[in-house]
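Below is one structure, written out as structure tokens; comments come after it.
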Amino acid sequence: MTNLTSPLIADAAIRRKAFFRFGPPGIRAVTSGMKIFGRVLPARHAGSVDVFLEAMLDAKPGDILVADNAGLLDEACVGDLVTLEARSHGLGGIVIWGAHRDTAELREIGLPLFSYGTWPCGPLRLDERPADALASARFGDAVVTREHMVFADDDGVVFIRAAEADALVATAEEIFARERAQADRVREGITLVEQFHFRDYLAAMQLNPSLTFRAHLRGLKGEIEE
């Protein structure tokens, strides 16, 4: 999994016409370079961490706590204690649609955690908890359940269906291998213009203006975009 990135997962989903959703822009790891990939463990926060503790009771090793705090920026719903508890239950990380606190402690703990950023104070509210608070979580425009998996890294957050994960990972690895080979050839002095027969494409487009660069790349099996 070390070679995989959220762009590769997204490219693989597009190529296979599979389901995928993005987390909203601005979600970042507490430490650059963190990466997570695992099944969604959803929890909708209503002002108390009890919902996270209850979710962890049913967690499987490697699950990712997806904390729905409605994207709020003026309260921190997860701090060092919840993160330590998540690690003790074998979770693979935490992704928050909202903010966190205790950043120095979180970096020391080392469990990958992604959020909009920091806020020094926890919730001052206690709303009525929805009956289905452990069934699904909203994350921006995405609604995710235990049937989904989440990938997050420095480029962002991607949700996919767990049933399609193996196929998407295989495709992502193929894309990675092809693009790294292309990059290596550029470093050796063989430009993309040469690799992609770009001058031939421009000449062919004169004869067939409807020819797209994507179609040309598919003919070469050198796709870099969809």
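Here are some conditions: (1) closer than 28 Å to Leu91 by Cβ; (2) crowded, with 17+ Cβ neighbours inside 10 Å; (3) out of contact with any Gly (no Cβ under 6 Å at 6 or more places or on another chain). Ala135 meets all but one. Which one does it not meet?
Of everything listed in (1) closer than 28 Å to Leu91 by Cβ; (2) crowded, with 17+ Cβ neighbours inside 10 Å; (3) out of contact with any Gly (no Cβ under 6 Å at 6 or more places or on another chain), Ala135 misses just condition (2).
Regarding the range 161-172, can at least one residue be identified that is touching a Gly at 6+ places or on another chain (Cβ under 7 Å), surrounded by 12 or more Cβ atoms within 10 Å (Cβ to Cβ) and outside any helix (DSSP H, G or I)?
Within the range 161-172 (the criterion being touching a Gly at 6+ places or on another chain (Cβ under 7 Å), surrounded by 12 or more Cβ atoms within 10 Å (Cβ to Cβ) and outside any helix (DSSP H, G or I)), the answer is no, since none of the residues qualifies.
Mind checking whether some residue in the range 64-78 is in contact (Cβ under 8 Å) with a residue 24 or more places away in the chain, out of contact with any Lys or Arg (no Cβ under 9 Å at 6 or more places or on another chain), of a type in the set (Gly, Ala, Ser) and open to solvent by less than 20 Å² (accessible area, probe 1.4 Å)?
no
Report, by residue number, each residue of the range 1-55 that is more than 14 Å from the chain's Cα centre (by Cα), charged (D, E, K, R) and not in a helix (DSSP H, G or I).
Lys17, Arg44
Determine whether the range 174-185 contains at least one residue that is touching a helix residue (DSSP H, G or I) at 6+ places or on another chain (Cβ under 9 Å), open to solvent by 80 Å² or more (accessible area, probe 1.4 Å) and either within 20 Å of Asp50 (Cα to Cα) or basic (Lys, Arg) (or both).
yes
Within the range 158-185, can you find the residues that are touching a strand residue (DSSP E or B) at 6+ places or on another chain (Cβ under 6 Å) and farther than 17 Å from Arg16 by Cα?
The answer is none; no residue qualifies.
The values are calculated or read from the model by the stated rules, or taken from the named source; none is laboratory data. Being a predicted model, the structure only gives us computed values, none of them experimental. Heads up, the Cβs are rebuilt from the backbone with ideal geometry, glycines too, and the neighbour counts pull from every protein chain shown. Areas reflect the complete protein model, heavy atoms only, side chains present, ligands, DNA and RNA absent. Shrake-Rupley method; radii C 1.70, N 1.55, O 1.52, S 1.80 Å.
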